[in-house]
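These notes concern the structure reproduced below.
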Amino acid sequence: MSRKILEVNSLTKIHGTGCPLCLASTGPEADTNICPYCGSVVAAHGVSFDLYQGEILGIIGESGSGKSTVVKTLYFDDAPSAGEAVFFDEDAQYDLYSLNAAQQRSLRNKRFGMVYQNPHLGLNFNVSAGGNIAERLLMSDVANYGAIRERARNLLVRTEVLENRMDENPKKFSGGMQQRVQIAKALATRPPLLYLDEVTTGLDLSVQAAILDLILEIQHELGTAMIVVTHDLGVVRLLAGRTLVMKYGRVIETGLTDQILEDPQHAYTQRLVASAL
Amino acid sequence: MDDIILCVEGYAKQFYLHSRQRLIPSAAQVDLTVRAGQLTALIGPTGAGKSSVLKGIYRTYLPSAGRLIYTDAHGHKLDLALAGEHRILELRQREIGFVTQFLHCLPRQPALDVVAEPLVIRGATREAARKQAADLLERLAVPQRLWGVPPATFSGGEKQRINLARGLIARPRLLLLDEPTASLDSATTEHVITLIEEMKQDGIGMIAIFHHPALVERLADAVVALSPPVIAGALIETIA
Ligand SMILES: Nc1ncnc2c1ncn2[C@@H]1O[C@H](COP(=O)(O)OP(=O)(O)OP(=O)(O)O)[C@@H](O)[C@H]1O
Ligand SMILES: Nc1ncnc2c1ncn2[C@@H]1O[C@H](COP(=O)(O)OP(=O)(O)O)[C@@H](O)[C@H]1O
Ligand SMILES: [Mg+2]
Ligand SMILES: [Mg+2]
Ligand SMILES: [Zn+2]
């Protein structure tokens, strides 16, 4: 039986000053994530789940439901308002929000990877594709120039970016190619845990298919655990073994992905699935 | 007896559709047993709930009632209706296979890799997995020119054979088959029958839905007849 790699307990993120009525007056029943009393946005509240090594977990929900908030807080892009997350590494475990900034940076550089919907967030457009990967390797202690270049080349070949474009600036690449470079960069340190936020949104269907294939191949080859955020039910069907459904900051349903799609329990999930058919 | 792999007692499934505030029964009062090396056939008219039984066992549907006691490879018993999601995923990977009515696969993946995938997931090398996949496709008379092509454009019968090969390749302990021969011609159906017989000899237990009584006759060791569940929903609604 494979081991747990991540345990998230009651993660909450409130944008704004907050007030005692925020939680009771937001969520699916309240039909909003904005507190009517203080105007704070309850982007996520009470999000709990486990992730096992090599497992792909999907998070679905409509725009604004809090999906990205969850992965951003786990990747330390944003600090949570409450809750905890424990990362179980090979020989140590880390209580993510008790770590100091340097420790967080180290995990982010070496043990976690992130692929954003918007390549501007994940890539440095002032350096080449290869340079982007080198940057990440440098931050994680690999210092030998030859080794870094070789590693970058292999990663780009693996993610099907043409080798001879390694020295070009990714600014000039197509959207699909930029996502491949982002994936290569995220994988550079062989992280056991990868976050993917709407990585195929806005790409042509054939490009989407190729990226999804690549993600699954990587999961098979490297056994990387992943959290895949998407509003596309087809993406979770193909990638995720289990799926969380979010609405107005709350997880309203979780289950095996085929069960969520074929036997959804919650009224909202039933509507979501019906409208996608 | 200790060769029982699965024992289902009192399985029922209903769907509650929130938008229509209705309870839709899809299977009721199902009892069945599957033994190693034997095939249990599910028969009954359209709407009797045959697929709903298989999907409940695989946990694509959350069972509404009943005990689904599965005995795993180590002899441990567990109720599939109550097992944790990770446990179910693990069983799907190692022990329980499902050949569904429709094939879901990656759009870009060639047929050979679609078939080989379950073995790769279990840790086989891609080469070894492809070799076994090729053997199976050959036995199921899938023309070699199709092996390198993604199945999206295949005919119904071709897709079905890919789906079947993918279900058989990993040799699960328990295999669920939903109309595995529905769109096959009689020659191809014979190939499938031979394969199923071999799997029985290998000790694989199966539950199968066949649309031809002749297949049930030839392959089934036990037959379970289902009838459409009473419209309990209507009843409950009038009471409520
Ligand atoms: N996901 C679902 N949501 C709502 N109702 C469902 C669902 N799945 C099945 N049903 C209903 O449950 C009943 C049994 O369906 P099921 O597919 O199990 O029948 P079947 O015996 O396999 O029929 P067929 O021979 O036509 O495939 C049908 O009335 C069907 O409409
Ligand atoms: N920095 C922020 N300041 C204020 N509100 C925010 C901020 N980030 C996200 N939100 C709000 O939180 C909610 C959840 O956002 P997000 O997690 O991005 O949703 P999703 O990824 O599901 O589309 C939205 O209402 C969004 O507008
Ligand atoms: Mg988002
Ligand atoms: Mg059916
Ligand atoms: Zn408030």
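The values are calculated or read from the model by the stated rules, or taken from the named source; none is laboratory data. Fair warning: this is a prediction, and the values are worked out from it, not measured in the lab. Using ideal geometry, Cβ is built from the backbone for each residue, glycine included, and neighbour counts are taken over all protein chains shown. Accessible surface areas use protein heavy atoms only, side chains included; no ligands, DNA or RNA. Shrake-Rupley method; radii C 1.70, N 1.55, O 1.52, S 1.80 Å.
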Residues with amide H under 5 Å from that of B:I24, placed H, sequence gap 5 or more: B:F15, B:Y16, B:L17
Region B:1-117 shape via C-alpha gyration tensor axes, a/c threshold 1.5: oblate
Computed magnitude of the charge dipole of the protein assembly as shown (debye, nearest 20; Cβ of K, R +1, Cβ of D, E -1): 760
Rounded FRET efficiency, nearest 0.05, which uses the C-beta distance separating B:E217 from A:N126 and R0 of 60 Å: 0.25
Nearest 10 degrees, 0 to 90: helix B:85-94 Cα axis against chain B principal axis: 40
Fraction of beta bridges assigned by DSSP in the protein assembly as shown that are antiparallel (%, nearest 5): 55
Chain A: relative contact order in percent, alpha carbon pairs under 8 Å with at least 6 residues between: 25
Whole-angstrom gap from region A:1-56 to region B:5-54, using each part's C-alpha centre: 37
Per residue value of the accessible surface for region B:179-220 (all protein chains in place, 1.4 Å probe), Å²: 44
Sequence-distant residues sharing a close amide H with B:V149 (under 5 Å, placed H): B:A111, B:L112
Approximate spin-label separation A:L205-B:T125, in nm, with each point projected 7 Å along Cα-to-Cβ: 3.8
Delta accessible area of at least 10 Å² on complex formation, residues of region A:207-247, 1.4 Å probe, chain isolated as reference: A:A209, A:A210, A:D213, A:L216, A:E217, A:H220, A:R237, A:L238, A:G241, A:R242
Degrees separating the helix A:145-158 axis from the principal Cα axis of chain A, which is the longest one: 60
Accessible area of region B:101-170 divided out per residue, in Å², using a probe of 1.4 angstrom: 46
Computed Rg/Rh of region B:101-170, alpha carbon atoms with Kirkwood Rh: 0.92
Solvent-accessible area, 1.4 Å probe, carbon plus sulfur percent, for the protein assembly as shown: 52
Chain pair B, A: total accessible area buried, heavy atoms, 1.4 Å probe, Å²: 2300
Chain A - share of DSSP beta bridges that are antiparallel (%, nearest 5): 60
Heavy-atom accessible area ranking, 1.4 Å probe, most first, across A:K247, B:K77: B:K77, A:K247
Accessible area per residue in Å² at 1.4 Å probe, computed on chain A: 41
Burial of 20 Å² or greater, region B:93-125 residues [accessible area, probe 1.4 Å, versus chain by itself]: B:H104, B:L106, B:P107, B:R108, B:E117, B:I121
Overall dimensions of the protein assembly as shown as given by Cα atoms, namely Rg and Dmax in Å: 24.8, 77
Cα-centre dipole for chain B with unit charges at Cβ (Lys and Arg positive, Asp and Glu negative), debye to 20: 640
Residues along region B:55-92 losing 20 Å² or more of accessible surface when the other protein chains are present rather than the chain by itself (probe 1.4 Å): B:R59, B:T60, B:Y61, B:L62, B:E85, B:H86, B:L89, B:E90, B:R92
Crossing angle, helix A:101-110 versus chain A [Cα axis fit, 0-90 degrees, rounded to tens]: 60
Listed residue (B:Q201, A:A184, B:A12) projecting farthest to the positive dipole end of the protein assembly as shown, Cβ model: A:A184
